[in-house]
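Chemist: First the structure, then my questions, so here it is.
Every number in this text was worked out from the coordinates using simple rules, so none of it is lab data. Just so it is clear, the model here is predicted, and its values are computed rather than measured. So basically every Cβ, Gly included, is an ideal-geometry build from the backbone, and we count neighbours across all protein chains shown.
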Amino acid sequence: MEDANLGEGDTILNPQDQNIPKVGMMFDSENELEDYFKKYTYQIGFGVRKVSTRTKKCIATTYYSLGCSRGGVYEPKTNKPYLKSSKTNCQTNICVIAYGDGRCTISRVFLEHNHALSPKKSSFHRSHKKMDSYAKRRLELNNYAGIPLNKSFHSLVVEEKGYGNLSFGETDCRSYIAKIRQLRLGQGDVEAIRNYFARRMQNVFWADARSRVAYESFGDVISFDNTYLTNKYNMPFAPFVGVNHHGQSILFGCGLLSREDTETYV
């Protein structure tokens with residue numbers, strides 16, 4: 001009999017297959033169990049999500065479930081009925097008991113889906129997308145060299161002999177490179193920014209809303225000192241400081257000065 005949950009070209013595992021999760025299976029760590037379950041779900045063709053967590057503090061035991069990513073019911077946050085969701089309220093899950101010593105076991109298994117499965121599309125599920133250190137390094141080096149990302153990704157596809165053999169897509173590569181660019185600010189970029197401000201800006205004064213309100217209430221006495229950090233930045237930093245009703249110092253505003261003359265202070 002053909003299984004309605006299987007897609008074209010998919011395979012049916014024998015119930016005796018050792019890869020199928022079973023009640024009572026013991027693992028040395030939660031990571032080992034999750035890796036095992038993800039390997040199984042990748043083979044079958046569905047994604048994984050952590051469903052629920054409950055901790056019993058008296059014996060340091062945690063109970064949680066790993067279920068199908070299409071479980072749950074979609075609740076739209078916008079008035080756009082045409083937006084579709086992959087949620088089908090699928091009940092497939094395994095219940096896990098994690099003990100205080102790190103070991104964990106499977107206490108319940110339910111593996112019947114209410115939607116089609118396709119192992120060929122496993123790599124598209126978020127839980128199965130994983131970029132190894134080699135791929136990350138290749139992308140970074142090619143990015144430094146100015147090689148377009150689509151060519152970098154295609155070279156990885158060629159090495160793995162097909163798109164289906166990669167656990168990530170081109171969009172994941174773009175996201176990774178975008179993140180690297182945000183976290184990285186090279187020396188040349190810093191110099192360019194410094195030179196831009198040196199050409200365009202001579203003096204800066206700054207005061208936020210809180211400082212303005214504080215000045216209205218405690219502006220009777222103001223301390224002004226432009227010697228702070230002068231030696232480090234070679235540009236006088238001039239804070240305007242007062243005292244609040246608790247006797248604490250409070251900032252009214254601050255300035256960065258290009259010169260120490262009357263015109264600049266005004």
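Chemist: Please turn the phi angles of the range 41-53 into ³J(HN,Hα) values with the Karplus equation 6.51 cos²θ - 1.76 cosθ + 1.60 (θ = phi - 60°), one per residue in order, whole Hz, x for glycine and proline.
Modeler: After applying 6.51 cos²θ - 1.76 cosθ + 1.60, I find 5, 5, 5, 7, x, 8, x, 10, 9, 7, 7, 8, 9 Hz.
Chemist: For the range 129-184, just list the percent of Cα-Cα distances falling in each 5 Å bin from zero outward, please.
Modeler: Bin by bin from 0 Å, the calculated values are 4, 20, 36, 27, 10, 3, 1.
Chemist: Between Arg174 and Lys50, what's the calculated FRET efficiency when r is the beta-carbon distance and R0 is 30 Å? Round to 0.05.
Modeler: In this case the efficiency is close to 0.65.
Chemist: Please give the FRET efficiency for Val73 paired with Tyr99, using the beta carbon to beta carbon distance and R0 = 30 Å, rounded to the nearest 0.05.
Modeler: It comes out at approximately 0.40.
Chemist: Right, next: If you count, for each residue, the other Cβ atoms within 10 Å and average over each peptide, how do 257-264, 133-140 line up from highest to lowest?
Modeler: With the highest mean Cβ count within 10 Å placed first, the list reads 133-140, 257-264.
Chemist: Same structure, new question: For all pairs of alpha-carbon atoms in the range 202-265, what percent lies in each bin of width 10 Å, listed from the first bin to the last filled one?
Modeler: Calculated P(r), rounded to whole percents: 22, 47, 27, 4.
Chemist: Using a basic spin-label model with each label point 7 Å from the Cα along Cα→Cβ, how many nm lie between Val243 and Gln91?
Modeler: With each label placed 7 Å out from Cα toward Cβ, I get 7.2 nm.
Chemist: Can I ask one more? Taking 8 Å as the Cα distance limit and 6 or more residues as the minimum spacing, I'd like the relative contact order of the range 129-184 as a percentage.
Modeler: 40
Chemist: Before anything else, pin down the relative contact order of the range 202-265: Cα pairs under 8 Å, at least 6 apart, normalised by residue count, whole percent.
Modeler: 37
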